[in-house]
Each structure stands twice: as C-alpha cells, then as structure tokens.
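Trainee: I am attaching a structure below and will ask some questions about it afterwards.
Here, each number is a calculation from the coordinates, and none is a lab measurement. Keep in mind that this is a model prediction, so the values were computed, not measured. No Cβ is skipped: glycine too gets one built from the backbone with ideal geometry, and neighbour counts run over all protein chains shown.
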Amino acid sequence: MAAGPQPTPNSNTSTYAGFGIPLILPAWVIIGFFLVVPVCVMLIYSFLTKEFRGGVIWEFSLAAYDQFFFDRGLFGDEAPKIEWTYISIFWRSIWQAAVATVFCLIIGFPTAWFIATRTGRNRSIWLFLITIPYWVNLLIRTISMKFLIRDNGPMNELMLSSGLISEPIHIINTNLAVQLGLFYSYLPFMVLPIYAAVERYNFALSEAAADLYASRYVTLTQIILPAVKPGIIAGCILVFVPSLGAFLAPDLLGGAKNFMIGSLIEEQFKGAAGNWPFGAAASMILLSMVLVVLTLYARQQTREQG
C-alpha cells in the first residue's frame, strides 16, 4: 500500500493549481480590448470639443455634458436653462423600457412556468419554439413587425375582412408600436432565466402548502415567487437594460415623436457632421444609469445572501 495521504473527492487540491492567471488571461485580453478600451475611448471623446465642420478638436471641456443638461441659446451667450428636450427623451426611454419589462414579465412568467412543467421531450420542443424566431437578424424581425402592423398590413386586413373593425387601427409610429417591438425583441430574455429558476423549484413545497390548506394565491405569493425571485430579477434586468438603449424599434416603429436615447446616440454618429462628443456624453450618461441599476441589484443580492 502506498504511503502518504491519498486524494479524496472532497480535497481542495486542483489539477490546474498554479495555472489560474494563464487560464484567465485570454478572457482578460478579450474583455479589455473589446469592452474596456472602447468605453475608455468613448469617455475621452465625451470630454472633447466638436469641430464645426465635423469631427472633434482635441481640447478637453464639459461642453457636451453642458449641452445635454442646459440650454444656453443659439449662440451660447444666454443664461443657462434646463434642457428639457434631452431629459424628456431620457425619461421616455426609461418609461418605455420599464413598460416593456412589465409586459415581458406578465407574459414570460406563465410561459416559463408552462414550459418548465412539461415532460422532457415536450419541454425541448417548447424551448425550441421560443428561440427559433431569434435565429433571424433583429433588423429583419423589426421590419417584419412594421409590415405586419401598418395601416394596410396583414393584421388590419384580417380584422377588416372578418368585420371586427370598420376602419384600420393606426398603430405604426405610436408608443404602442414601440412597445410591441421591444416586447417581441426581448421576451426570451425574460422567459429563459425564469424557466431556469422554475426548473430548480421543488414542487413538493406547493404540495405541502396545499396539504396545509393554503390557497393558490398564498402559494404563489408566499412560496413560488420567493423561490424563483432570482430568475425574475435576472429576467427583468436582461430586458430593461437592452430596452433602455434600443434604437431599431423606436426608429422603425415609433417615428420621430417616439425618439429614445438609443436613437439620439445613433444620430450623433451618423456622417462626418455628427456631434461625436455629444453622442459620447449621452452614451456615458446611459452607461452610468445602467451601472447604477446593476449596482443596486448587486447590493440587494449581497444583503440577502449575508
């Protein structure tokens, strides 16, 4: 028999001990080059000065941030007033993203519960049906949505021919159209995290609650929702964050009256005459808001685990 201690399954020793840095180095390089560097470049550009004919002048200033929050008149020599135009666009983006998140949660939770309670083969089929539309490019899907809901589109034509309506319902270029676009674009981001949480849920808890004469409402609110809460929060974040910066749905479905912050940023980088410092400043403001949301979520999770 060999002398000395033998390794056990619970041993903390690892085959890859001492190789931690080389193993994680490729991920650091990719994250640094494709995430940290672009964000740093955007941050630097947000403090530069716009050149009159396009491009930037390498003179650092707060002019881009000042333009976002204050109106100083056409020539910049008037007393500063709050610039409600961009603030209202920002608020509209928050409101649209929040409503889209609520809609996705209302539809996504029952859908995820239904899929998680199916048998193995049927569950795979339903997951396949949820994800298959997203094999197509987002731009194509958004244009298809625009074709579907336009005044003379298939949806209105079907309701007119069936007698449900007497004249076409105007949906395109409205807030409702933007909501439909965001809902259709990000619904799986809500369904899949909740599905993963429900799949891990111990259904014996629901049976025990029923044995103790708990109503379905009590079982849902006191047992099921707390158990799957991490999946719900993750789904809400995965829907809210991309909806906040979306620009395809507002541009193609909402029109000029439903401008969102993503569309505003995208407009600043179009062509040589775009205002790159202002677009970069708006991007950093949006990024700061997203980081605040994620920080609050991380703190809440830390308190719950502590």
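Trainee: Would you mind calculating the gained length between L139 and K81 on full extension (0.36 nm times residue separation, minus the Cα-Cα distance), in nm to one decimal? Don't skip to the answer; put the middle values down first.
Mentor: On the way: separation 58, 0.36 × 58 = 20.88 nm, distance 3.81 nm.
Length gained, L139 through K81: 17.1 nm.
Trainee: Which ³J(HN,Hα) values, rounded to whole Hz and listed in residue order, are derived for the stretch 129-135 from phi using the Karplus coefficients 6.51, -1.76 and 1.60 in 6.51 cos²θ - 1.76 cosθ + 1.60 with θ = phi - 60°, glycine and proline given as x?
Mentor: 5, 5, 8, 4, x, 8, 7
Trainee: Also, quick follow-up: Would you calculate, for the chain, the mean residue ellipticity at 222 nm contributed by helices, counting each DSSP H stretch of 4 or more residues as -39,500 (n - 2.57) and dividing by all residues, to the nearest 500? Walk me through the intermediate numbers first.
Mentor: Details: 13 runs with 185 residues, N = 306.
It lands at -19500 deg cm²/dmol.
Trainee: Checking the a/c ratio against 1.5 first, then a/b against b/c, what shape does the Cα gyration tensor give for the stretch 137-178? Walk me through the intermediate numbers first.
Mentor: Numbers: a/c = 3.56, a/b = 1.83, b/c = 1.95.
Oblate.
Trainee: Let me ask something else. Pick out, in residue order, every one of the trypsin sites (Lys or Arg not before Pro) in the stretch 224-306 that is DSSP loop and has at most 13 other C-beta atoms within 10 Å; say none if there are none. Before the final figure, lay out the partial values.
Mentor: Numbers: sites: K257, K270, R299, R303; in loops: K270.
Those satisfying the criteria are K270.
Trainee: Let me ask another. Pairs of alpha-carbon atoms within less than 8 angstrom and 6+ residues apart define the contacts here; what relative contact order does the chain have, in percent?
Mentor: Answer for the chain is 25 percent.
Trainee: Most mobile of R121, R72, R150 per a Gaussian network model of the chain (Cα springs, under 10 Å)?
Mentor: Of R121, R72, R150, the Gaussian network model singles out R121 as fluctuating most.
Trainee: While we're here: How much length is gained on full extension from F114 to L158, taking 0.36 nm per residue of separation minus their Cα-Cα distance? Don't jump to the answer; show the numbers that get you there.
Mentor: On the way: separation 44, 0.36 × 44 = 15.84 nm, distance 2.94 nm.
Between F114 and L158, full extension yields an extra 12.9 nm.
Trainee: Next question, about the same structure. For F70, list long-range residues whose amide hydrogen, built 1.01 Å from N in the peptide plane, is under 5 Å from its own amide hydrogen.
Mentor: Long-range HN contacts for F70: E83.
Trainee: Over the chain, with a single point scatterer placed on each C-alpha, what log10 of the ratio I(q)/I(0) does the Debye formula yield at q = 0.09, 0.13 1/Å?
Mentor: -0.68, -1.15
Trainee: Let me ask something additional. For the peptides 84-96, 278-290, what is the packing order when you average, over each peptide's residues, the other Cβ atoms within 10 Å and list the highest mean first?
Mentor: On the way: 84-96: 16.2, 278-290: 19.7.
Peptide ranking by packing, descending: 278-290, 84-96.
Trainee: What's the ranking of 104-117, 20-33 by average number of surrounding C-beta atoms within 10 Å, highest first? If you can, show how the numbers build up before the last one.
Mentor: On the way: 104-117: 18.7, 20-33: 9.8.
Descending packing order for the listed peptides: 104-117, 20-33.
Trainee: Can you list the residues, at least 5 places off or on another chain, whose amide H is less than 5 Å from the amide H of K50, using H built in the peptide plane?
Mentor: I57
Trainee: Can you tell me how the stretch 220-306 classifies by the Cα gyration tensor, rounded, prolate or oblate, using a/c under 1.5 as the rounded cut? Mind showing how you got there, number by number?
Mentor: On the way: a/c = 5.06, a/b = 2.07, b/c = 2.45.
Oblate, since a/c reaches 1.5 and b/c is not below a/b.
Trainee: Another one. Between L296 and V29, what's the calculated FRET efficiency when r is the beta-carbon distance and R0 is 22 Å? Round to 0.05.
Mentor: Numbers: r = 30 Å, r/R0 = 1.37.
The pair L296/V29 has a calculated efficiency of 0.15.
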